[in-house]
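Trainee: The following block contains the structure, expressed as structure tokens.
The values are calculated or read from the model by the stated rules, or taken from the named source; none is laboratory data. Note that the structure is predicted; figures quoted are calculated from it, not measured. Counting neighbours? That spans all protein chains shown, and the Cβs are built from the backbone with ideal geometry, glycine included. Please note that ligands, DNA and RNA were not included when accessible areas were found on the heavy atoms of the full protein model with its side chains. Shrake-Rupley method; radii C 1.70, N 1.55, O 1.52, S 1.80 Å.
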Amino acid sequence: GSGLSAPSGIPTFRGAEGVWAKWVLEWGTRAAFLADPRGWYDNFWIPAHVVAEPGSTSERTYEPSAGHFAVAEVAACRQTNVHVITQNIDGLHQRAGLPSERLVEVHGRAGLLKCVSPGCRYAAAESIG
């Protein structure tokens, strides 16, 4: 649910200090990306998702929280048919041991890429990364 990665140190998407409040309304759109891909990466993606803090060159690093491990443990039980659908892009469910076949990452995962240029041979392909 919302905030599962917060104990890992990842800011929530919503809330006063969340990604939505700081970045999304201005930069977090496909139109903004298409209008200025480099500016989108420099002014939105990298500060919001990659570096430890704006202006830093240190990458963020996170570990799964107890909640991620608990979800993975429940999903591993033979008596369950648990599948997880998440909007998180942090990859922490898989790092906690949740099998990829039981995980749907609605917004993809940081590090997975897809070309958006019309006619690009990777435009219709699965994400690459």
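Trainee: To the nearest 0.05, what FRET efficiency results for Val24 and Ser56 with a Förster distance of 22 Å applied to their C-beta separation? Write out the running numbers ahead of the final one.
Mentor: Numbers: r = 21 Å, r/R0 = 0.93.
Rounded to the nearest 0.05, the efficiency is 0.60.
Trainee: Hey, another quick one. Taking all protein chains together and a probe of 1.4 Å, list Trp20, Trp27 from the most accessible to the least accessible.
Mentor: Numbers: Trp20 115, Trp27 50 Å².
Per-residue accessible area, sorted high to low, gives Trp20, Trp27.
Trainee: Return an integer: the convex hull volume of the alpha-carbon atoms of region 54-120, in Å³ per residue. Write out the running numbers ahead of the final one.
Mentor: Details: hull volume 8.4 nm³, N = 67.
Spread over its residues, the Cα hull of region 54-120 gives 126 Å³ apiece.
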